[in-house]
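Participant: The structure under discussion is supplied below as structure tokens; questions concerning it will follow.
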Amino acid sequence: MLIMGIDPGIGITGYSFIEFKNDNLNLITSGSIQTDKTAPHPKRLLELKTDIDFLIKKYQPDCASIEQLFFFKNQKTIIPVAQARGVILCCLEENNVVSFEYTPLVVKQTITGHGRSDKATVKMMVNKYIELDQNIKLDDTIDSIALAICHAQNARFKEEIK
């Protein structure tokens with residue numbers, strides 16, 4: 001199964017593609033889509049759609065794991081992030097990619113065993129599942145990998161209880 005992990009955002013969207021086969025995880029690729037902060041909002045959303053569509057067509061994932069909207073501190077970013085998620089979800093649907101949504105709490109619980117883990121702990125634990133390239137610096141990219149791993153772990157658990 002090829003899982004696309006997506007950490008949505010209007011400025012930066014992290015993405016990853018992880019192969020989950022025979023209980024093994026293999027990072028195929030990861031990166032980020034970064035839109036021009038000076039561009040009008042609709043153009044940024046279109047750029048995000050175009051890039052996500054390109055990635056889906058190139059890698060042809062079986063499913064996607066996307067971060068569920070989580071309102072915490074920054075009220076200014078909630079609407080742009082919601083719009084970015086909407087664009088991404090529509091793009092996934094257009095390409096017949098089934099999507100699964102996980103809150104940051106669930107992802108952290110699955111990856112680290114504790115739902116309130118910090119970014120450094122998440123990165124350390126992601127590196128235990130998949131050896132990360134040291135060039136991966138953006139939290140958004142690491143979060144997308146964590147999202148894909150979270151879905152793989154949930155898929156593994158569902159297979160075990162059948």
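Participant: Using the Kirkwood formula on the Cα atoms of the chain, what hydrodynamic radius do you get, in angstrom to one decimal?
Facilitator: 15.8
Participant: What spacing in nm lies between the two simple spin-label points modelled at residue 28 and residue 93, each 7 Å away from Cα in the Cβ direction?
Facilitator: My value for the distance between the label points is 2.4 nm.
Participant: So, in nm, how far is label residue 68 from label residue 54 when the simple model puts each one 7 Å beyond its Cα toward the Cβ?
Facilitator: Taking the simple label geometry, residue 68 and residue 54 are separated by 3.2 nm.
Participant: Which residue, 16, 146, 83, has the largest displacement toward the positive end of the dipole of region 2-160 when charges sit on each Cβ (Lys, Arg +1; Asp, Glu -1)?
Facilitator: 83
Participant: Which residues does the label zone of residue 131 cover in region 27-47, counting backbone N under 17 Å from a point 7 Å along Cα→Cβ?
Facilitator: 27-30
Participant: What is the Cα centroid distance between region 81-141 and region 1-56, reported in whole angstrom?
Facilitator: For region 81-141 versus region 1-56, the Cα centre distance is 11 Å.
Participant: Next up: To the nearest 10 degrees, how steeply does helix 78-94 sit against the main Cα axis of the chain, on a 0 to 90 scale?
Facilitator: That works out to roughly 70 degrees.
Participant: Next question. Just to be sure I understand the model, the point goes 7 Å from the Cα along the line to the Cβ. What's the resulting residue 77 to residue 105 distance in nm?
Facilitator: Placing both labels 7 Å beyond Cα along the Cβ direction yields 1.9 nm.
Participant: Something else now. Can you give the extra length, in nm with one decimal, that the chain gains between residue 47 and residue 114 once fully stretched, where that is 0.36 nm per residue apart less the Cα-Cα distance?
Facilitator: Contour length minus Cα-Cα distance gives 20.6 nm.
Participant: Using only Cα atoms, find the angle between the long axis of helix 119-129 and the longest principal axis of the chain, and express it within 0 to 90 degrees, rounded to the nearest 10.
Facilitator: Rounded to the nearest ten degrees, it is 50.
Participant: If the limit is 27 Å between Cα atoms, which of 76/137; 37/137; 49/76; 37/119; 37/108 go over it? Before the final figure, lay out the partial values.
Facilitator: Numbers: 76/137 24 Å; 37/137 20 Å; 49/76 22 Å; 37/119 24 Å; 37/108 29 Å.
As for pairs spanning more than 27 Å Cα to Cα, those are 37/108.
Participant: Peptides 143-151, 110-118: what's the order by average Cβ count within 10 Å, highest mean first?
Facilitator: Sorting 143-151, 110-118 by mean packing, highest first, produces 143-151, 110-118.
Participant: So which aspartates and glutamates can residue 57 reach, going by Cα to Cα under 19 Å and dropping same-chain residues fewer than 8 places off?
Facilitator: 7, 19, 47, 93, 94
Participant: Still on this model: How far is helix 139-160 tilted off the main Cα axis of the chain, in degrees rounded to 10, range 0 to 90?
Facilitator: With rounding to tens, the tilt is 40 degrees.
Participant: A further question on this structure: Put +1 on the Cβ of each Lys and Arg and -1 on the Cβ of each Asp and Glu in the chain; which of 112, 65, 127 then has its Cα farthest toward the positive end of the dipole?
Facilitator: 112
None of the figures in this text is laboratory data; all of them are computed from the coordinates on show. Just so we're clear, the structure is a prediction, and the values are computed from it rather than from any experiment. Positions of Cβ are generated from backbone atoms using ideal geometry, with glycine treated the same way; all protein chains shown enter the neighbour counts.
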